[in-house]
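A quick write-up on the structure given underneath.
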Amino acid sequence: MMHINLFLFGCGHHNAAWRHPDSQVERLGDIRYYEEMAQLAERGKLDAVFFADGHATNNITDGPRWFLEPVTMLTAISRATRHIGLVSTISSTFFTPFHAARLMASLDHISGGRAGWNVVTSMFDVEARNHGYEAMPGHAERYARAEEFIQAVLQLWDSWDDGALLNDRAGDYVDESRVRQINHRGKHFLVDGPLTVPRPPQGHPVLFQAGASEHGRALAAKHAEAIYAVAYDLPSAQAYYSDVKARVKAAGRQVGVPILPGLVTFIGSTEAEARAKQRALDELLPAETSLRQLQLFIDQDCMGWELDAPVPPLPPLEAFTGPKGRYATVLRIIETERPTVRQLLGRLAAGGGHCTMVGTPEQVADQMEHWFRNGGADGFNLMPPVQPDSVQDFVDHVIPILQRRGLFREDYEHTTLRGHLGLARPERQ
């Protein structure tokens, strides 16, 4: 069956979501808002809720991006839910392995085995300057650090045997022979261990990854247990899907790694109603805000571009030094649709170029099924343009159709995120 994840982000993934009269912008510091979103996703039997993370407040006047810290939010959400998985982004560039391992192990214990870690290397110099760097390390260096970071985290989670705790009031609290130092000595990290938290309920919290570059795909093939993907259309989704699945197999891993492209949905009782919802959001967004977002994606000044003229030529993908996945999507939209600058801005306003499906619940379910059955996706990372309305539309109207078609669970069969994703609990290494 499909795996469906809810990617929660501010007031929604459309850049104008916070301007919508029904937005929840006043509640972004209220944990009950996020708990309600997670409870809504759990009502739809979704696999997990997911938070991205950022470490700078650039262009803050354009609208909210970051507010509460994600692991803190997910810890609270764990107490307001029972089944749904809880996935947080943690940067291997800005954290240490011990810190990340401790946070994720704690969340896994608190939630009863529902934690997931989205491994990122981070992107922007404005973030780096909040963590002691003049600029971000180079792409290859960040991924080399990430590789070592993951190895150290896995060793820390395995520094306790299952059953090491004795809790013997007349004897020992722990079997000391079953708790070991890891003595990691690498280029980037020195970690003695052991972790201060016993082995997590899942053994290892589930490792998610979202790299689209060559380094990112290599890291995903070696370590990821589920993958977030950027796919503008089915052909690009199929190309990524087949490439990464082949890499996982070539790495000698005998595990199904679900690939979940981002999905933005506008749903209405008619297609015209759905398109009206999309148009109403687009019309709320100032052009200057959209240009700043595009500037972030393409890493060049575009504030003076003529809105109703064709998009100026951009460097080829191989010459681009920034985040390649989103940039490749921008290039594909330009190549396929030949948009004006204004049209490109509208296309990127919700989800930044992820797949967008607009129509009735049946039309959206049809497209999702087509991707699922034709080698484009094992499921989707749902990116609602407006919260909570877009989430409610999907849970109340699309999920029942997928359930009737036998494409999505009618109830939870497992208590852990690994169980939801069909992943085995790893043995201690």
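The values are calculated or read from the model by the stated rules, or taken from the named source; none is laboratory data. Just so we're clear, the structure is a prediction, and the values are computed from it rather than from any experiment. Methodologically, a virtual Cβ is constructed for each residue, glycine included, from the backbone with ideal geometry; neighbour enumeration extends over all protein chains shown. Ligands, DNA and RNA are stripped out before the accessible areas are found, and what is left, the full protein with its side chains, is counted by its heavy atoms. Shrake-Rupley method; radii C 1.70, N 1.55, O 1.52, S 1.80 Å.
Which of the following residues is over 26 Å from GLY379 (Cβ atoms), touching a residue at least 24 places away in the same chain (Cβ under 8 Å) and either open to solvent by 20 Å² or more (accessible area, probe 1.4 Å) or not basic (Lys, Arg) (or both): VAL230, VAL257, VAL244, VAL191? Please lay out each step first, then the result.
Details: VAL230 fails: over 26 Å from GLY379 (Cβ atoms); VAL257 fails: over 26 Å from GLY379 (Cβ atoms); VAL244 fails: over 26 Å from GLY379 (Cβ atoms).
Sole residue among the options that is over 26 Å from GLY379 (Cβ atoms), touching a residue at least 24 places away in the same chain (Cβ under 8 Å) and either open to solvent by 20 Å² or more (accessible area, probe 1.4 Å) or not basic (Lys, Arg) (or both): VAL191.
Only one of (1) out of contact with any Phe, Trp or Tyr (no Cβ under 6 Å at 6 or more places or on another chain); (2) buried (at least 24 other Cβ atoms within 10 Å of the Cβ); (3) under 21 Å from MET383 (Cβ atoms) is not met by ASP53, so which one is it?
(2)
If a residue has to be assigned to a strand (DSSP E or B) and either farther than 23 Å from VAL395 by Cβ or β-branched (Val, Ile, Thr) (or both) to count, how many in the stretch 237-278 make the cut?
Going through the stretch 237-278, the residues assigned to a strand (DSSP E or B) turn out to be 259-267.
Those still in the list that are either farther than 23 Å from VAL395 by Cβ or β-branched (Val, Ile, Thr) (or both) too: 259, 264-265, 267.
Within the stretch 237-278, residues that are assigned to a strand (DSSP E or B) and either farther than 23 Å from VAL395 by Cβ or β-branched (Val, Ile, Thr) (or both) number 4.
Examine the stretch 27-34 for a residue that is open to solvent by less than 10 Å² (accessible area, probe 1.4 Å), in a helix (DSSP H, G or I) and within 24 Å of MET357 (Cβ to Cβ), and state whether such a residue exists.
No, because not a single residue in the stretch 27-34 is open to solvent by less than 10 Å² (accessible area, probe 1.4 Å), in a helix (DSSP H, G or I) and within 24 Å of MET357 (Cβ to Cβ).
Among what's in the stretch 204-222 and is in a helix (DSSP H, G or I) and more than 16 Å from the chain's Cα centre (by Cα), pick the residue that is surrounded by the fewest Cβ atoms within 10 Å (Cβ to Cβ).
In the first step, residues of the stretch 204-222 are kept if they are in a helix (DSSP H, G or I); the result is 214-222.
Filter again for more than 16 Å from the chain's Cα centre (by Cα), leaving 214-215, 218, 221-222.
Numbers: GLU214: 12, HIS215: 19, ALA218: 16, ALA221: 22, LYS222: 16.
Only one residue fits best here, namely GLU214.
Output the residues belonging to the stretch 196-227 that are touching a residue at least 40 places away in the same chain (Cβ under 8 Å) and of a type in the set (Val, Ile, Thr).
THR196, VAL197, VAL206
Between residues in the stretch 399-415 that are in a helix (DSSP H, G or I) and residues that are exposed (fewer than 15 other Cβ atoms within 10 Å of the Cβ), which pairs lie under 6 Å by C-beta distance while being six or more apart or on different chains?
GLN403/GLU410
Scan the stretch 78-117 residue by residue and report those that are within 18 Å of LEU190 (Cα to Cα), open to solvent by 10 Å² or more (accessible area, probe 1.4 Å) and touching a helix residue (DSSP H, G or I) at 6+ places or on another chain (Cβ under 9 Å).
So the first thing to find is which residues in the stretch 78-117 are within 18 Å of LEU190 (Cα to Cα), and the list is 91-102.
Remaining after also requiring open to solvent by 10 Å² or more (accessible area, probe 1.4 Å): 94-96, 98-99, 102.
If the condition is that a residue be within 18 Å of LEU190 (Cα to Cα), open to solvent by 10 Å² or more (accessible area, probe 1.4 Å) and touching a helix residue (DSSP H, G or I) at 6+ places or on another chain (Cβ under 9 Å), then PHE94, PHE95, THR96, PHE98, ARG102 are the ones that fit.
Among the residues that make up the stretch 311-319, is at least one of them without any contact (Cβ under 8 Å) to a residue 60 or more places away in the chain, part of a loop (DSSP other than H, G, I, E, B) and either acidic (Asp, Glu) or crowded, with 19+ Cβ neighbours inside 10 Å (or both)?
Yes, the conditions are met somewhere in the stretch 311-319.
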